[in-house]
Amino acid sequence: MSTRSQLRFVHRNESAAEQDSTNRIAQVYRHSDGYPESVLRDLAQLKHLLEKTRTERGPSYAAAQFIFLEMLSSMGLYVDEGRERSIRADQPDDLLDPSNMAHLEQPLFLLGHGVENPANGIHGDEEYLYIVELPSRNPSDEPAEWTVKVSDHAGFPRWDGPTDEAFKRASWQFHGPLETALEKLGVELA
């Protein structure tokens, strides 16, 4: 069963009005595995990768990188099918050839995530909302803490309406450093 969620990537030191006026909110829809244990684990993995590669560049980049990593993690379901002819992950043309997807009812790695316009509505069937607050920093700065807000399960209005209203009216089970969220919500890293 799907656990849908919305993640907002924002700069921590900007007010909501500043983010709205500068379009600095990057919002991602996640169709499945949107429960805190999975999302927080994936965020920790993303943060670690961006720190080690020194490629953290703010909300829009983090949102795009989050989707990219999610697609890569589900690629194994498609590549490792044990078929007569194996698909080579190191050959992008092979991976992107639609005829190689004929055996799939739906190529899940191409589905399941979307970039949302924060001004438009949420789907209305999400179970969790997240706000990932990134520090405002220069690429040469040392890595800094990410903070997260995790909504209560279905702790917000669920309708196909303005996104901001759902995020404003949400009840939050956690708000603080990502590392503390992992500990407090009992998330084990792989």
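Some points to look at:
- R0 of 30 Å, Cβ-Cβ distance residue 154-residue 115: FRET efficiency to nearest 0.05: 0.80
- Sequence-separation-based contact order of segment 100-190, relative, with Cα cut under 8 Å and 6+ spacing, percent: 27
Read-outs throughout are calculated quantities, based only on the coordinates presented, and are distinct from any laboratory measurement. Everything quoted here is computed from the prediction, not taken from an experiment. Note that we place each Cβ from the backbone using ideal geometry, even for glycine, and neighbour counts take in every protein chain shown.
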